[in-house]
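Have a look at the structure below, then the notes.
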Amino acid sequence: MSARTIFEQGRKGRRAFVCPELDVPDRPREELLPSKLRRREPAVLPEVSEPEIVRHYVRLSKKNFDLDSGFYPLGSCTMKHNPRLHERVAGLPGYARLHPLQRPAAAQGALELMWRLEGALGEIAGLPYVSLQPSAGSHGELAGVLLTRAYHEANGQRGTKVLTPDTAHGTNPATVTMAGYEVVKIATDEAGGVDIDDLRAKADEDVACLMLTNPNTLGLFDRNIEEIAAIVHGIGAILYYDGANLNAVMGRTRPGDMGFDIVHFNLHKTFTQPHGGGGPGAGPIAVSERIEPFLMTPRVRRGEDGEFDLDYDKPASIGRLRGFQGNFGTFVRTYAYICSLGAEGLREASEVAVLNANYLLARLGEMGLLERLPLAYGELCGHEFVLSGAPMKRDLGIRTLDLAKRLLDFGIHPPTVYFPLLVDEALLIEPTETETKETLDEFVEAIAAILAEAEEDPEIARTAPHTTPVRRLDEAGAARNPIIRQEVTR
Amino acid sequence: MADPARVPADLLYSDHHDWARVEGEEATFGITWYAQDQLGEIVFWDGAKVGDEVTAGDSYTELESVKAVSEVVAPLSGRIVAVNEEAERSPETINEHPYEQGWLVRVALSAPAEADRLLPPAAYEELIG
């Protein structure tokens with residue numbers, strides 16, 4: 001299959017379009033844009049026909065494995081089906097063709113959607129004040145930690161450290177470091193939750209915040225959350241909720257009720273999105289009353305006359321974290337999802353997500369597969385669970401990576417592998433609520449088949465995948481000698 | 001019985017899976033065979049600086065593998081006197097020869113008696129099972 005880039009195709013001068021006749025008075029370029037702002041050389045762009053463009057991108061899309069091709073149980077990523085209704089709604093011209101600089105008076109519908117979405121997210125979080133601005137979960141985390149800093153500074157405190165459990169998503173420590181705090185890791189106890197003794201030992205007046213995911217990346221709900229909240233609030237620190245795993249508890253419990261001060265949502269996970277290509281995402285945050293004065297601007301405001309506007313007049317605000325109002329198409333899909341399902345439906349989605357994960361776990365157990373791939377912690381799980389491939393590696397000589405690669409030959413995307421780091425040869429599996437029982441059964445049968453064939457011939461898994469357009473990649477070679485640019489000559 | 005390729009008999013070990021070869025007032029540090037096996041293929045080491053102080057039990061550098069970035073913990077305290085530039089350029093050396101060409105730093109020890117707290121080969125062998 002061709003691996004040529006778009007620049008290596010076509011011919012000089014070839015075009016896939018014809019510019020329409022100019023219907024405004026022609027003006028010299030110098031008048032429109034000062035010469036110092038204009039490029040000296042024309043940009044090097046692909047020169048291809050429309051069929052070449054179409055075939056190029058269709059060819060690439062066929063090499064890709066996506067959620068529309070097969071089961072995608074990528075743990076902590078919540079790869080749920082994106083209903084096609086959402087695409088229809090997001091494509092409505094009033095939304096899709098809105099200009100980011102449109103005057104508020106001419107964008108009332110869009111602002112109302114944002115205002116209503118903020119209300120719905122505030123209700124789901126149990127924290128009433130919402131900003132839709134952050135572009136991703138990690139960006140929401142950064143907002144949360146910057147708000148933490150602003151809050152402490154306004155109260156004359158400093159704090160130099162932020163606590164994160166050793167099961168945390170890698171973005172947590174990265175966020176903390178980027179916001180200028182020091183990361184302090186908290187150990188995990190035998191039940192898979194926060195080690196309360198370790199937390200007590202490390203919770204001192206230098207701590208600004210504890211960042212927590214609940215359920216955590218082991219798929220376990222921390223039952224000690226109220227005690228944890230009391231410890232954190234007892235030292236005057238902020239409790240931050242990483243919403244990556246919200247799909248397990250939506251409508252069942254609310255982070256605000258658990259004692260959290262700041263929550264981020266991953267709209268592209270919990271509330272559907274055509275996701276898997278790295279975006280677009282959205283990481284709105286919801287905060288409590290004491291954090292509200294510092295929230296990003298502009299805020300969507302509804303006046304007494306029912307008109308919507310953007311409010312920049314918040315003197316204590318940390319200001320803007322991005323240009324314009326966020327990834328708006330994501331808001332439309334999220335709002336469509338919330339309206340389609342309603343409060344009961346959102347709760348049911350979470351319940352089925354948890355049921356599906358526990359069914360998958362129980363089927364793996366029934367088939368005797370957990371002997372080689374034991375559950376890392378606990379007996380039941382939330383919306384996802386972590387297996388350890390260590391016995392499989394010891395007994396069959398195949399690693400978690402080999403099992404993951406071999407799953408591709410069965411038309412299944414591998415689960416998250418080698419995360420969380422504290423589990424040896426980890427597999428983090430999240431089926432989501434949108435998969436059928438038959439799909440879950442096929443996954444279990446694929447695992448059974450891979451383990452059985454590895455008993456006979458481990459080489460099959462070690463050299464997998466065998467049926468994909470691209471076979472086993474040299475990941476180490478790619479990381480050691482990355483080729484990240486292509487020189488294009490005209 | 002210790003496998004000498006995985007746990008050489010002439011080294012001392014830490015429970016962070018680092019080794020130290022103590023020679024008088026100096027020692028060479030590296031990561032163990034077990035550590036490199038757990039990390040997987042190492043793709044990047046950002047090295048260390050001659051003259052920097054290291055403290056036993058504290059991280060002094062980071063290794064990046066295809067799986068994760070991991071901190072490397074100093075088994076003993078002292079000042080770095082040499083850095084293995086070859087391993088910096090070709091980090092796969094650390095996977096291939098963790099005890100020989102894949103050493104990381106050489107340190108002038110500030111408290112040689114700390115070595116008494118490190119694990120002898122048999123104890124380390126037991127730790128990694």
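Just so you know, all these numbers are worked out from the coordinates, no wet-lab data involved. Because the structure is a prediction, the values reported are computed rather than measured. Cβ: placed from backbone, ideal geometry, glycine included. Neighbour counts: every protein chain shown.
Computed values, structure above
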| quantity | calculated |
| --- | --- |
| Overall form of region A:199-329 per C-alpha gyration tensor (a/c, 1.5; a/b vs b/c) | oblate |
| Cβ crowding within 10 Å averaged over residues, with A:369-381, A:471-483, A:141-153 ranked highest first | A:141-153, A:369-381, A:471-483 |
| Whole-percent pair-distance distribution, where bins are 5 Å wide, for the alpha carbons of chain B | 2, 12, 24, 25, 21, 12, 3, 0 |
| Region A:248-331 - charge dipole about Cα centre, Lys and Arg +1 at Cβ, Asp and Glu -1, debye rounded to 20 | 440 debye |
| Where a label projected 7 Å from the Cα of A:GLU459 along Cα→Cβ would reach, residues of region A:375-418 with amide N under 18 Å | A:396-399, A:402-403, A:406 |
| Where Rh is the Kirkwood radius over Cα pairs, Rg/Rh for region A:87-340 | 0.97 |
| The protein assembly as shown, helix-only ellipticity at 222 nm - DSSP H runs n ≥ 4, -39,500 (n - 2.57), divided by all residues, nearest 500 | -10000 deg cm²/dmol |
| Dipole of region B:14-128 [Lys/Arg +1, Asp/Glu -1 at C-beta], most positive-end residue of B:ILE42, B:GLY57, B:SER14 | B:GLY57 |
| Rg and Dmax [Cα atoms of region A:421-490; Å; Rg one decimal, Dmax integer] | 18.1, 55 |
| Given A:LYS161/A:LYS405; A:LYS80/A:LYS405; A:LYS36/A:LYS314; A:LYS202/A:LYS269; A:LYS62/A:LYS269; A:LYS62/B:LYS67, the pairs whose alpha carbons are separated by over 29 Å | A:LYS161/A:LYS405; A:LYS36/A:LYS314; A:LYS202/A:LYS269 |
| Charge dipole of region A:332-422 about the Cα centre (unit charges at C-beta), most positive-ward option of A:GLY365, A:LEU401, A:LEU387 | A:LEU401 |
| Dipole axis of the protein assembly as shown (+1 Lys, Arg; -1 Asp, Glu on Cβ), positive-most option in A:LEU310, A:MET296, A:GLN273 | A:LEU310 |
| Where N is the number of residues in region A:386-448, Cα Rg divided by 2.2 N^0.38 Å | 1.12 |
| Ratio of the Cα radius of gyration of region A:274-396 to 2.2 N^0.38 Å, where N counts its residues | 1.63 |
| Per-peptide average of other Cβ atoms within 10 Å, ordering A:435-444, A:65-74 highest first | A:65-74, A:435-444 |
| Shape parameters for the protein assembly as shown, alpha-carbon atoms, Rg then Dmax in Å | 27.4, 89 |
| Diffusion coefficient, µm² s⁻¹, Stokes-Einstein with Kirkwood Rh over alpha-carbon pairs of region A:344-388 at 37 °C and 0.692 mPa s | 298 µm²/s |
| Net dipole in debye of chain A [+1 Lys, Arg Cβ; -1 Asp, Glu Cβ; about Cα centre; nearest 20] | 2500 debye |
| Antiparallel %, DSSP beta bridges [both residues in the protein assembly as shown], to 5 | 75 percent |
| Cα gyration tensor shape for region A:31-71, rounded if a/c is under 1.5, else prolate or oblate | prolate |
| Dipole in debye (nearest 20) - chain B, about Cα centre, beta carbon charges: Lys, Arg +1; Asp, Glu -1 | 80 debye |
| Cβ-defined net charge surrounding A:ASN245, 10 Å radius [Lys, Arg +1; Asp, Glu -1] | -2 |
| Gyration tensor over alpha-carbon atoms, region A:269-341, equivalent ellipsoid semi-axes in Å | 25, 16, 12 |
| Descending semi-axes in Å of region A:8-61, equivalent ellipsoid built from Cα gyration tensor | 30, 16, 10 |
| Calculated diffusion of region A:363-469, Stokes-Einstein form, Kirkwood radius summed over Cα pairs, 25 °C and 0.890 mPa s, µm²/s | 176 µm²/s |
| Cβ-based exposure ranking for A:GLU182, A:GLU304, in which fewest neighbours within 10 Å come first | A:GLU304, A:GLU182 |
| Under 13 Å, Cβ to Cβ, from A:GLU52 - net charge with Lys/Arg +1 and Asp/Glu -1 | +3 |
| With at most 11 neighbouring Cβ atoms within 10 Å, loop GluC sites (Glu not before Pro) (DSSP) excluded, longest segment of chain B | B:26-99 |
| Förster-model FRET efficiency, 22 Å R0, B:ASP15 and A:GLU379, C-beta, rounded to 0.05 | 0.15 |
| Computed Kirkwood radius, in angstrom, where 1/r is averaged over Cα pairs of region A:45-140 | 17.6 Å |
| Calculated diffusion of region A:74-195, Stokes-Einstein form, Kirkwood radius summed over Cα pairs, 10 °C and 1.306 mPa s, µm²/s | 88 µm²/s |
